[in-house]
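Asker: Quick one: the structure is below, and I'll ask about it shortly.
What follows is calculated from the coordinates using simple rules that are stated; it is not laboratory data. Everything numeric here is computed off the predicted structure, so don't read it as measured data. Cβ atoms come from the backbone with ideal geometry, glycine included; neighbour counts cover every protein chain shown.
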Amino acid sequence: MTKTELVEAVARDLNMTRADAQRAVESVFGQIAEGLARDKKVQIQGFGTFQSKMRKAREGINPQTKQRMTIPASKTVGFKPGQELKSKI
């Protein structure tokens, strides 16, 4: 499902305009991003948990030149599905 499909599904399910559904979806995504930046963790009961993680620096190989290189440490987001979501999949 793409973001556009999600917006259309929300608009249809809640009987609202596509523009209102777009704002609602954008708001939810924005709040999740802010929560991750602020608290490092966003837990949505029945859906799952998003958590900010640090990825350590590591060695890699440049696929074009085959030379070894250091991949710097970076931030990433992990997702752990909740029990209800697991049972639906």
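Asker: Checking the structure you have, find out if any residue of the range 39-53 is aromatic (F, W, Y) and touching an Asp or Glu at 6+ places or on another chain (Cβ under 8 Å). First the steps, then the outcome.
Answerer: Kept after step one, since they are aromatic (F, W, Y), are these residues of the range 39-53: 47, 50.
Filter once more, so that each one left must be touching an Asp or Glu at 6+ places or on another chain (Cβ under 8 Å): 47.
The answer is yes; a qualifying residue exists.
Asker: If you check T4, T17, which single one turns out to be β-branched (V, I, T), over 19 Å from G78 (Cβ atoms), under 16 Å from the mean Cα position of the chain (by Cα) and loosely packed, with under 13 Cβ neighbours inside 10 Å?
Answerer: Details: T17 fails: under 16 Å from the mean Cα position of the chain (by Cα).
From the options T4, T17, the qualifying one is T4.
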